[in-house]
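The values are calculated or read from the model by the stated rules, or taken from the named source; none is laboratory data. Note that the structure is predicted; figures quoted are calculated from it, not measured. All Cβ positions, even for glycine, are placed from backbone atoms using ideal geometry, and neighbour counts span all protein chains on display. Heavy atoms of the whole protein, side chains included, go into the accessibility calculation; ligands, DNA and RNA do not. Shrake-Rupley method; radii C 1.70, N 1.55, O 1.52, S 1.80 Å.
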Amino acid sequence: MNSVLKALALKSPGDMARLGVILALFGLILFGALRYENFLSQYNILSFLRYNSMFALIALGMAFVIMTGGIDLSVGGTAAMASVVAALLSPYHWAAGLFGGIAAGFAVGALNGFTVTVMRIQPFIATLATMLAAYGTGLLLAGNQSVSVSYDSGFTSIGQDDLLGFPIPAWIALLVYVAGWLVLERLPVGRHVLAIGDGEATAALMGLKVRRTLAAVYVGSGALAGLAGVILASQFGAGQPTEGVGWELFAIASVVVGGTLLTGGSGSVGATLAGALLLAMVFNILNFENGLGWISLSAYWQSVIRGGFLLIVVVLQARLMSRRTGEEQV
């Protein structure tokens, strides 16, 4: 076993967790392909990628926040509010809807960054407050109802059309993840994010611009949540102020399953994407299982099963990480 780990160059507990989520994802894909006739059909693959691009985007923003040792509970409310803003602006031009929704998320992220870095409010409390404010703002703007988008401005193409046979939302998520990987792995700011997660005081003594980096991370998370809201509105044809409930939990779960520690200081963009796809794949497989007629699981039971699956993955990863740590100490 040790020789295998060395051959795979697994130098840290996080590496083992990331390998685990990738293996689990491929295992689920193999299971689905063998069990369900249309699991690998073009329709299911494209629908899966189109819908889950929203969750992948908020998971990436959450990953950077958690790498600094923080948390962002406002992403679901931000996406809901941004979907309303995008829908209201969509009649003017598709770009107005797109950039208006992103700007709404940017504003929430900037507010989070200000309260965390300047006012020194704990991220949990600060983002909980902005989550409630974002939901309230979305409901006020929408008049407590869904807001239809314009079908004449081309706005719906963002969420519903394909480019080169691939859903546009999936292209957007892919490009954003490539940019996120470059930031984390190739730019100094990526190392600053991880250093802050290891300890803000130590990072400050090293001369790093802690407040600026933290503010940028929260702004980025808000902007990505806003982009997810734009895709939500364009994909379903309406801004939905009551959507987004539980999205922050999905994002946190994706990050944790991907091997990023909630205490900060480590993380992986690729493993975060794998974690988001893994959780989404569980839901997809449950839908196929319902279609076979062997079982009949309501949305409530599906949530219970996904939660149990998440718990099992996290426990297994924790045991692998503790075992690996013990081996290194010996």
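All but one of (1) open to solvent by 40 Å² or more (accessible area, probe 1.4 Å); (2) at pLDDT below 65 hold for F288, so report the exception by its number.
Going through (1) open to solvent by 40 Å² or more (accessible area, probe 1.4 Å); (2) at pLDDT below 65 one by one, F288 breaks only (2).
Checking G154 against (1) over 22 Å from V108 (Cα atoms); (2) free of Cβ contacts under 8 Å to residues at least 60 places away in the same chain; (3) surrounded by 14 or more Cβ atoms within 10 Å (Cβ to Cβ), which single condition isn't satisfied?
With respect to (1) over 22 Å from V108 (Cα atoms); (2) free of Cβ contacts under 8 Å to residues at least 60 places away in the same chain; (3) surrounded by 14 or more Cβ atoms within 10 Å (Cβ to Cβ), G154 is out only on (2).
Across region 108-119, what is the number of residues that are crowded, with 21+ Cβ neighbours inside 10 Å and within 19 Å of the chain's Cα centre (by Cα)?
So the answer is 4.
Go through region 57-99 and give me each residue that's without any contact (Cβ under 8 Å) to a residue 40 or more places away in the chain and within 21 Å of the chain's Cα centre (by Cα).
F99
Just to be sure I understand the filter: pairs with C-beta atoms under 6 Å, separated by 6 or more residues or on different chains, first member in region 11-34 and closer than 13 Å to S268 by Cα, second member at pLDDT 80 or above and among the aliphatic types (A, V, I, L, M). Which pairs pass?
R18/A271; V21/V257; V21/A271; V21/A274; V21/L278; I22/A274
Can you find even one residue in region 206-228 that is outside any helix (DSSP H, G or I), open to solvent by 20 Å² or more (accessible area, probe 1.4 Å) and not hydrophobic (A, V, I, L, M, F, W, C)?
yes
In region 241-251, which residues are surrounded by 21 or more Cβ atoms within 10 Å (Cβ to Cβ) and not hydrophobic (A, V, I, L, M, F, W, C)?
Residues satisfying the conditions are P241, E243, G244, E248.
From L182, L164, L208, which residue is modelled with pLDDT under 95 and either more than 25 Å from F48 (Cα to Cα) or β-branched (V, I, T) (or both)?
On the way: L182 fails: modelled with pLDDT under 95; L164 fails: either more than 25 Å from F48 (Cα to Cα) or β-branched (V, I, T) (or both).
Exactly one residue qualifies, and that residue is L208.
For region 106-144, how many residues meet the condition of being more than 17 Å from G70 (Cβ to Cβ) and not aromatic (F, W, Y)?
Qualifying residue count, region 106-144: 13.
Regarding region 120-142, can at least one residue be identified that is surrounded by 20 or more Cβ atoms within 10 Å (Cβ to Cβ) and in contact with a strand residue (DSSP E or B) (Cβ under 9 Å, 6 or more places away or on another chain)? Full working, then the answer.
Taking region 120-142 and keeping what is surrounded by 20 or more Cβ atoms within 10 Å (Cβ to Cβ), we get 123, 126-127, 130-131, 134-135, 137-138, 142.
Retained after the next criterion (residues that are in contact with a strand residue (DSSP E or B) (Cβ under 9 Å, 6 or more places away or on another chain)): 138, 142.
Looking for residues that are surrounded by 20 or more Cβ atoms within 10 Å (Cβ to Cβ) and in contact with a strand residue (DSSP E or B) (Cβ under 9 Å, 6 or more places away or on another chain), one finds at least one in region 120-142, hence yes.
Mind listing just one residue for me: the one in region 29-63 that is in contact with an Asp or Glu (Cβ under 9 Å, 6 or more places away or on another chain) and farther than 17 Å from A103 by Cα and, of those, most open to solvent (accessible area, probe 1.4 Å)?
From region 29-63, those in contact with an Asp or Glu (Cβ under 9 Å, 6 or more places away or on another chain) are 35-36, 46, 50, 58, 61-62; that's our starting set.
From what's left, farther than 17 Å from A103 by Cα: 35-36, 46, 50, 62.
On the way: R35: 103, Y36: 8, L46: 30, R50: 40, M62: 0 Å².
This residue is R35.
Okay, residues lined up against (1) modelled with pLDDT under 95; (2) small (G, A, S); (3) more than 30 Å from A201 (Cβ to Cβ):
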residue	(1), (2), (3)
L60	no, no, no
V65	no, no, no
G69	yes, yes, no
T78	no, no, no
M81	no, no, yes
F99	no, no, yes
F114	no, no, no
S150	yes, yes, yes
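Residue under question is A96, and the condition is that it be part of a helix (DSSP H, G or I), buried (at least 24 other Cβ atoms within 10 Å of the Cβ) and of a type in the set (A, V, I, L, M, F, W, C); does it hold?
no
State the number of residues belonging to region 161-181 that are open to solvent by 80 Å² or more (accessible area, probe 1.4 Å) and farther than 30 Å from G70 by Cβ.
Looking only at that region, the number is 2.
When you check L182 against the structure, is it part of a helix (DSSP H, G or I) and without any contact (Cβ under 8 Å) to a residue 40 or more places away in the chain, yes or no?
Taking the combined requirement at face value, the residue satisfies it.
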